[in-house]
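Let me begin by presenting the structure, written as C-alpha cells, before commenting on it.
The values are calculated or read from the model by the stated rules, or taken from the named source; none is laboratory data. Quantities reported herein were computed from a predicted structural model and do not represent experimental measurements. Counting neighbours? That spans all protein chains shown, and the Cβs are built from the backbone with ideal geometry, glycine included.
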Amino acid sequence: MPSEDWTEWAAHNLAMGIARADIAAELGKAGLSVADANRLLAGIEGSPVFRAARRLGEDVRKWTMLSDALLALEGLTHDYDSVPRVSGLSSDNFLRDYYALNRPVIITDVVATWPASQKWTLDFLADRFGQCRITYQSGRSRRDHRDSFVDHSTEATLAAYIELIRSGEETNDYYLIAHDKILDRPDFKPLIDDIVFDTRYFDPVSQPGRVFFWLGPKGSATPMHRDLGNVFFAQVMGRKRVTLIPSKQLHKVYNQTGYHSEIDFENDNLADYPLLEGAHIIDVVIAPGELLFIPIGWWHAVRSLDVSITVTGNNFRFPNVFADIF
C-alpha cells in the first residue's frame, strides 16, 4: 500500500490538473505496480472530498493564469529583470510609480544622510552598547535553510557577539536579527535617534515593532520568503546581495509551508524545480547608504557580502495594513 505521503502527493497533483498518466508514472518510479497506482488514483478520484479539492485546484489555476497574463502585460512597459536606482524621488512619485504598483526600487539619497551612516561601526557599538545584553541566533548553518530563520536563541552581551564577528569568518552560523527587537528597548534608544525618517516616504516611529536592527558576519543569510506588508531595507554598513521574485509569481516558488519557499536558492539545482521556468529572478547588491523598497508579497532572499548592519521597517506614511492573505 502507498504511504499517506504518496497518497497526498497524488491527490494534490490530480487536483492541480497534472495528467493522470504522468502521476501514475511517478508512482511507478516509487515502486507501485501499475495496478496499485491505478487503484490508488481511482480511489482518490472517487472521493467527494477530492472532488471539492479539484474545484479549488481549478480556482488556483485560474488565478495563476491571470497572474501570468497580468505580469506579461506589465512587462511590456516595465523591466521585471532589474531594480531601478533613483534619487530625488518625490513622495507622489514614490507612491504612484512604486508603492501603489507593487514594484521595488532602490533609493540612494536617504540612508546616507542618517547619523547612523557615519557613526555605526563595530567599535562604536561595542564601546557604547557593549554591556547591553542581546539575543542572537546560533547554530543556524547546521539546520535546514528554512529553519535557519526560526529563533535558535543564545544570550550574550553585544560586546561578546561583536567579538564573534570580528574574527572575520564567513559564516551563517550566528546572526543578530529582527526577532530581538533591540530598537524597541530603552537601552538602545540612542540608535533610533541616529535614524532620520524622510517624511517623503515614512512616518516617525510612534509604536514599537516597526523598525528592526540586523548585525551579522559576512555570509549571514535569510532564505527566500515573503513579508506580510511593504518593508524597507536600509543598508548602513557592508553590502548585501538580495534575490527578488515578483509577488505575482507566488505559484512558481514552491511555497508549501508558511511564507518560505521550499527552495534553497543558493545551494539547490534550480533546474530541479520546473515551476520556476519563466520566473523573474532578480539579483541586486545593496551598498551602504542605499535603501531598497520591497513591496508586499515580493519574494526575497538575502546574503551578507561583508560584515553588515541593516535597518528594516514598515513605518511608511501610506497604508500598510492589509487583509491576512498569506
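Observations on the structure shown:
- Test result for residue 254, of a type in the set (Phe, Trp, Tyr), touching a Ser or Thr at 6+ places or on another chain (Cβ under 6 Å) and either assigned by TED's automatic domain parsing to the domain that holds residue 184 or under 23 Å from residue 180 (Cβ atoms) (or both): yes
- Residue within segment 286-295 that is under 28 Å from residue 65 (Cα atoms) and aliphatic (A, V, I, L, M) present: yes
- Of the criteria (1) at pLDDT below 95; (2) closer than 26 Å to residue 201 by Cα, which one residue 295 fails: (1)
- Selection count, segment 259-294, where residues are surrounded by fewer than 21 Cβ atoms within 10 Å (Cβ to Cβ) and under 26 Å from residue 191 (Cα atoms): 4
- Segment 262-275 residues that are farther than 19 Å from residue 221 by Cβ, paired with ones that are outside any loop (DSSP other than H, G, I, E, B) and of a type in the set (D, E, K, R) (beta carbon under 6 Å, 6 or more apart): 275/252
- Condition met for residue 279 (small (Gly, Ala, Ser), out of contact with any Lys or Arg (no Cβ under 7 Å at 6 or more places or on another chain) and over 23 Å from residue 91 (Cα atoms)): no
- Enumeration of residues in segment 64-78 that are without any contact (Cβ under 8 Å) to a residue 40 or more places away in the chain and surrounded by 11 or more Cβ atoms within 10 Å (Cβ to Cβ): 65, 66, 69, 72, 74, 75, 78
- Within segment 10-44, being more than 23 Å from residue 65 (Cβ to Cβ), part of a helix (DSSP H, G or I) and not small (Gly, Ala, Ser) holds for 26, 27, 29, 34, 36, 38, 39, 40, 41, 44.
- Filter pass, residue 30 being in contact with a Phe, Trp or Tyr (Cβ under 8 Å, 6 or more places away or on another chain), surrounded by 11 or more Cβ atoms within 10 Å (Cβ to Cβ), outside the structural domain of residue 282 (by TED's automatic domain parsing) and not acidic (Asp, Glu): yes
- Residue match in segment 231-248 (condition: out of contact with any strand residue (DSSP E or B) (no Cβ under 9 Å at 6 or more places or on another chain) and either under 18 Å from residue 177 (Cα atoms) or in a loop (DSSP other than H, G, I, E, B) (or both)): no
- Test: residue in segment 162-175 that is in contact (Cβ under 8 Å) with a residue 12 or more places away in the chain and within 18 Å of the chain's Cα centre (by Cα): yes
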